[in-house]
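A.B. asks: Provided herewith is a single structure, encoded as structure tokens, for subsequent inquiry.
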Amino acid sequence: MIDYIKGQIVELTPTELILECGGIGYSILISLQTYEAFQGKTSTVAYIHHYIREDEELYYGFAGKDERELFRLLLGVNGIGVASARMMLSTLSSDEIRQAILSEDINKIKSVKGIGLKSAQRLVLELKDKIVKGEGAAESQLFIKQDNNALVDEATTALVTLGFPKANIAKVLPGIIKENPNARVEDLIKSALKKL
């Protein structure tokens, strides 16, 4: 199984990437999120989801493991195929999809072309608990991207103890730190409680 392909970008369009590696050009289907992440680059790493059916074999590529994990989580929902999952990731960001599912925002999910009311309801029903538990996110995304910042760890531990999921905490703490880089642990917790 292929985890990723690292190589030179030969061609990049909003829906497809041609990546040359070892003299082979791989045709990789991508979302707009990934397209935006790869723009301006001459070489890159594409994280691969290998899709095989009786009559076709396709590579879906992603700029990061986080987007790929969410893509796979979406595929696990009955009625959501690769085309619908890619359309969701092209219309909404990974965070917007997670937030829409967590807040049961059916209208936002329905705003994606090809996703009707029943599919949107099924997405919320089947994925809400999984997203709360942190599934569909790369492990590094569940924790705040700080270099083992003791304050962040302490604030995260306190908020988890209060009953908040790590995935949700990881979404709000980086913004708080960006707004107030010198915040003390109690400031982080107070600000996070207002946003969670």
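No lab work stands behind these numbers, since they all come straight from the coordinates. This one's a predicted model, so the numbers in the text were calculated from it and none came from an experiment. FYI the Cβ positions are ideal-geometry reconstructions off the backbone, even for glycines, and counts take in every protein chain you see.
A.B. asks: What is the percent of Cα-Cα separations in segment 57-122 that go past 17 Å?
C.D. replies: 33 percent
A.B. asks: Give me the percent relative contact order of the chain, please, defined on Cα pairs under 8 angstrom at least 6 residues apart.
C.D. replies: 14 percent
A.B. asks: Still on this model: Based on alpha-carbon atoms only, what is the radius of gyration of segment 143-195 relative to the globular estimate 2.2 N^0.38 Å?
C.D. replies: 0.96
A.B. asks: While we're on this one: Report the Stokes-Einstein translational diffusion coefficient (µm² s⁻¹, integer) for segment 4-62, Rh taken as the Kirkwood radius over Cα pairs, at 37 °C with viscosity 0.692 mPa s. All intermediate terms of the calculation are to be shown ahead of the outcome.
C.D. replies: Numbers: Rh = 11.4 Å.
Rounded to a whole number, D works out at 289 µm²/s.
A.B. asks: Computed FRET efficiency, Cβ-Cβ of L196 and N78, R0 25 Å: what is it to the nearest 0.05?
C.D. replies: According to the calculation, E is roughly 0.25.
A.B. asks: Moving on. Based on the Cα atoms of segment 1-108, what semi-axes does the equivalent ellipsoid have, where each is the square root of 5 times one gyration tensor eigenvalue, given in whole Å with the largest first?
C.D. replies: Here the semi-axes work out to 25, 16, 11 Å.
A.B. asks: Tell me the mean residue ellipticity at 222 nm calculated for the chain from its helices only (DSSP H runs of n ≥ 4, each -39500 (n - 2.57), averaged over every residue, nearest 500).
C.D. replies: Mean residue ellipticity at 222 nm (helix-derived): -15000 deg cm²/dmol.
A.B. asks: In the neighborhood of F71, defined by Cβ-to-Cβ distances under 11 Å, what is the net charge if each Lys or Arg adds +1 and each Asp or Glu adds -1?
C.D. replies: Residues near F71 contribute +1 overall.
A.B. asks: Hey, another quick one. Scan segment 50-120 for trypsin sites (Lys or Arg not before Pro) in coil per DSSP, keeping those whose Cβ has at most 13 other Cβ atoms within 10 Å, and list them by number. All intermediate terms of the calculation are to be shown ahead of the outcome.
C.D. replies: On the way: sites: R53, K65, R68, R72, R86, R98, K108, K110, K113, K118; in loops: K113.
When the trypsin sites (Lys or Arg not before Pro) of segment 50-120 are filtered for loop state and at most 13 Cβ neighbours within 10 Å, K113 remain.
A.B. asks: Here's another thing I want to ask about it. Rounded to two decimal places and with Rh computed the Kirkwood way over Cα pairs, what is Rg over Rh for the chain?
C.D. replies: Reported Rg/Rh (Cα atoms, Kirkwood Rh): 1.02.
A.B. asks: On a full-extension model of 0.36 nm per residue, what is the gain between L32 and E186, subtracting their alpha-carbon distance, rounded to one decimal in nm?
C.D. replies: Working: separation 154, 0.36 × 154 = 55.44 nm, distance 3.87 nm.
51.6 nm is the gain from fully extending L32 to E186.
A.B. asks: I've got another one for you. With contacts defined as alpha carbon pairs under 8 Å and 6 or more residues apart, what's the relative contact order of segment 143-195 in percent?
C.D. replies: 42 percent
A.B. asks: In debye, nearest 20, what is the charge dipole magnitude of the chain about its Cα centre with +1 on Lys and Arg Cβ and -1 on Asp and Glu Cβ, if you could check?
C.D. replies: 640 debye
A.B. asks: Starting from the Cα-Cα distance between I24 and V132, subtract it from 0.36 nm times their residue separation and give me the gain in nm to one decimal.
C.D. replies: Taking I24 through V132 to full extension adds about 34.9 nm, to one decimal.
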